[in-house]
Amino acid sequence: MEERAGKKIFNGIAIGKIKFYEKADNKVTRRRVDDVEAEIARYEAAKEEAVRQLNALYEKAVVEVGEANAEIFNVHAMLLEDDDYTESVHNIISGQGLNAEYAAATTGDNFAEMFASMTDNEYMMARSADIKDVTERVVTILSGGNGGTDIGDEPVIIVAEDLAPSETVQMDKTKLLAFVTRLGSANSHTAILARTMGIPALIGVDIDAGWNGKIGIVDGYEGKFIIDPEMPLLEEYFKKKAADDEQKKLLQTLKGKENVTKSGQKINLYANIGSPNDLASVFENDAGGIGLFRSEFLYLESADYPTEEEQFQAYKKVVETMGGKKVIIRTLDIGADKQIDYFKLDKEDNPALGYRAIRICLTRPEIFRTQLRALHRASAFGNLAIMYPMIISVDEVLKVKEISKSVREELIAEGIPVGEVEEGIMIETPAAAVMSDELAKVVDFFSIGTNDLTQYTLAIDRQNSKLDPFYDSHHPAVLRLIQMVTDNAHKAGIWAGICGELGADTTLTKTFLKMGLDELSVSPGCILPVRKEVRDAD
Amino acid sequence: MKEFTYVIKDKLGIHARPAGLLVKEAKKFQSATTITKNGQTKKLTQLMMLMSLGVKQGEEVTIAADGPDEDAAIAALKEFFEQNL
């Protein structure tokens, strides 16, 4: 028995035979051809077929992992259609009278070498692998292969140095138990694809070709790869796997299903995220949109105020990746309890009731305007909505909207494209809940932040564990406020949702449906359990 | 001939995806379009060559167009750089 540690990419347990995967070795032979015109035509046909395959992979990946992650296959197609690449292949065929396989392989090697030698540009060096990948595809087609990745007839754990995204996507998923690779990063295309396909995967494992054919266990929870497991351990893992499968099966059946009750009532289930890195789990769990994108990470990760451009890139990435699905981005929500050095906030006795969120934005408009410019610019790239936190009055909303409007007009005047933007507020203060009839007239939506709303309504500090016996997350006062906010939203013709922890509380899902809430935004892992509860409701 | 200079703002520089889109954009015009960095000039219609320049964030490039529709080409390319790079 051997055990190796690895970095976990996707939770899950796999037990099965290890297959040591090596790239299909297209042994390219160099041979003379008489009819060079026919050979060029043969190359062109193979190229067309490769581009067709890549376009199909792109379409497949768009659905599975979103547009931004699928884009790699478009780039591959463009590389293959590049004039210099094509010219080089044609020259070798016609100039030297050699076969198309050899011409393509040589061209691919030359270009891959050119990129690999760009040692001052890590990004471009990595593109060398992309050129090899597309070249292999054409060569496989020319040699009569279908470009597919055959992994045999029995289910296996694939162990490899590295896997190209096109290889991962094409492997027969019914035969694929897990991936274990030495190379690759947690954010590589292959890692994202593994997560999306729901296959346990480990990277950074010190692999050994001698394992081929042995039994292996991939523990994606603990980040362990066990080779040749002994009996008591193997049995233990069979039990763990059975329990894990049961749970996953239950949830997988819910993917792609509507969030609809037996009587036909629908509700939107969106995801809460804290950074663009969470996007993979958004797709993995089939969220209908993003109900809360906390913009704080941009400020927390940075040593100084993030620039408009940095913010714009992050927001753009999220809205683009989500395609046309709604992305609600909450403006800066920090305060004395979430300290950021360069904001130089004073220490406060009562930070939860202090100088935070929109209060900082309204008194330091230069910070706010930078963020709003980035948000409005990103709105040109998808379905973006802006949400303002910690609102207590109509007057505040009017001020905020005035600033937002002037930012938007400024961008238009500069000739910078902007899209349509919904503007809504968090309902997290009792004041906002009580005034929700008036607030509903000046915003496009409400999202109820139940964590703060509960703390403020019950006057209970959640950080203080001594108060736990008094804390009741289902307190009728909070539930009544939620009902009131929802009713007031509907009276004004706008929608209301919940983005606090209570939204994921499945013992309340039926209550929320009865209250008429239009949306629940929960952490990605909670979407399918809540969907189950919705579909079980009458 | 018309030209403009531009400083790349994108974190990854002229990476694969915008490079591919840039080639598509350049091919829409009859004029010969080029990109120059540190005295090295490449045609904008050549993806591999364009990528081989390895243009990074903060670097300055000169874009030129020469031909019957050079004004339109420069206007479109300028907009492309401002929006994508």
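The values are calculated or read from the model by the stated rules, or taken from the named source; none is laboratory data. Because the structure is predicted, anything quoted here is derived from the model rather than measured. All Cβ positions, glycine included, derive from the backbone under ideal geometry; neighbour counts span all protein chains shown. Accessible surface areas use protein heavy atoms only, side chains included; no ligands, DNA or RNA. Shrake-Rupley method; radii C 1.70, N 1.55, O 1.52, S 1.80 Å.
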Legend entry - Those GluC sites (Glu not before Pro) in the stretch A:349-458 that DSSP places in a loop and that have at most 11 other beta carbons within 10 Å: A:GLU414, A:GLU420
Inset, instruction - Could you list the chymotrypsin sites (Phe, Trp or Tyr not before Pro) in the stretch A:456-491 that lie in coil according to DSSP, counting only those with at most 15 other Cβ atoms within 10 Å of their Cβ? - result: A:TYR471
Legend entry - Quarter of the Cα convex hull surface for the stretch A:336-441, i.e. its orientation-mean projected area (nm²): 7.6
Inset, instruction - Quantify, in whole percent, the carbon and sulfur part of the accessible surface of the stretch A:385-434 (1.4 Å probe; protein heavy atoms only). - result: 59
Inset, instruction - Based solely on C-alpha atoms, express the radius of gyration and the Dmax of chain A in angstrom. - result: 27.4, 89
Inset, instruction - Report, in degrees rounded to the nearest 10, the 0 to 90 angle that the Cα long axis of helix B:16-26 makes with the longest principal axis of chain B. - result: 10
Inset, instruction - Could you check the simple spin-label distance between B:THR5 and A:VAL63, using points 7 Å along Cα→Cβ, in nm with one decimal? - result: 5.0
Legend entry - Relative contact order of the stretch B:2-84, defined on C-alpha pairs under 8 angstrom at six or more residues apart (%): 44
Inset, instruction - Please give the contour-minus-distance gain from A:TYR471 to A:GLU410: 0.36 nm per residue of separation, less the Cα-Cα distance, rounded to one decimal in nm. - result: 17.3 nm
Inset, instruction - Note down the Stokes-Einstein diffusion coefficient of the stretch A:78-149 in µm²/s, whole number, using a Kirkwood radius over alpha carbon pairs, 37 °C, and 0.692 mPa s. - result: 261
Inset, instruction - Kindly express, to the nearest 10 degrees and within the range 0 to 90, the angle between helix A:67-80's C-alpha long axis and the longest C-alpha principal axis of chain A. - result: 30
Legend entry - In degrees, nearest ten, helix A:365-378 long axis to first principal axis of chain A (Cα): 50
Inset, instruction - Would you work out which of A:LEU292, A:ALA303, A:LEU254 lies farthest towards the positive end of the dipole of the stretch A:251-314, given +1 charges on the beta-carbon of Lys and Arg and -1 on that of Asp and Glu, about the Cα centre? - result: A:LEU254
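Using the Cα centre as the reference, give the magnitude of the dipole from point charges on the C-beta atoms of the protein assembly as shown (Lys, Arg: +1; Asp, Glu: -1; all else neutral), rounded to the nearest 20 debye.
1040
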Inset, instruction - Would you please state the base-10 log of I(q)/I(0) at q = 0.12, 0.13, 0.16 1/Å for chain B, with intensities from the Debye formula using one equal scatterer on every alpha carbon? - result: -0.28, -0.33, -0.50
Legend entry - Per-residue mean of C-beta atoms belonging to partner chains within 10 Å, peptide B:43-53: 6
Inset, instruction - With a 1.4 Å probe on protein heavy atoms only, work out how much accessible surface A and B bury together, total over both chains, in Å² to the nearest 100. - result: 2100
Inset, instruction - Provide the packing ranking of A:44-53, A:204-213, i.e. peptides ordered by the mean count of other C-beta atoms within 10 Å per residue, highest first. - result: A:44-53, A:204-213
Inset, instruction - Enter the Cα centre distance for the pair the stretch A:441-465 and the stretch A:215-276, rounded to the nearest angstrom. - result: 32
Legend entry - Farthest toward positive dipole pole in the protein assembly as shown [+1 Lys/Arg, -1 Asp/Glu at C-beta], among A:SER166, B:THR45, A:ILE227: A:ILE227
Legend entry - For the stretch A:405-467: accessible area per residue (Å², 1.4 Å): 46
